[in-house]
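Accompanying notes for the structure given below.
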Amino acid sequence: MINVEVVKGSSESAPSVLKRFTRKVQGAGILARVRSLRYAERSPSKYVKKKKALKGLRKREHTAELMKLGKITPRIPGGHGR
């Protein structure tokens, strides 16, 4: 992590110090990095991927069973619900 430090000069005003600090922070790319990490998600573990795959298989099997029994109608690919 990069630390940005700005020291106020003897005849420098507070707004100018703040402006100089802001420029240094932008130049160091700190804000861009923090914003990119803000909504970052971890990649799922092997266990989680396997659980999700098994759940999908069970759901497909259940749907196929309901179609065989005539309780639901099969979806038409590209039908868009018409």
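Residues are listed down the side, and each one gets a yes or a no for (1) of a type in the set (Val, Ile, Thr); (2) touching a strand residue (DSSP E or B) at 6+ places or on another chain (Cβ under 8 Å); (3) modelled with pLDDT of 95 or more; (4) surrounded by 10 or more Cβ atoms within 10 Å (Cβ to Cβ):
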| site | (1), (2), (3), (4) |
| --- | --- |
| 10 | no, no, no, no |
| 36 | no, no, no, yes |
| 45 | no, no, yes, no |
| 48 | yes, no, yes, yes |
| 75 | no, no, no, yes |
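Within the stretch 8-26, being of a type outside the set (D, E, K, R), in contact with a helix residue (DSSP H, G or I) (Cβ under 9 Å, 6 or more places away or on another chain) and farther than 29 Å from residue 37 by Cα holds for one residue alone: 9. Of all residues in the stretch 32-47, those being part of a helix (DSSP H, G or I) and closer than 25 Å to residue 22 by Cβ number 7.
The values are calculated or read from the model by the stated rules, or taken from the named source; none is laboratory data. Treat the numbers as computed from the prediction; the structure is a model and nothing was measured. Cβ sites come from the backbone with ideal geometry, for glycine too, and all protein chains shown count toward neighbours.
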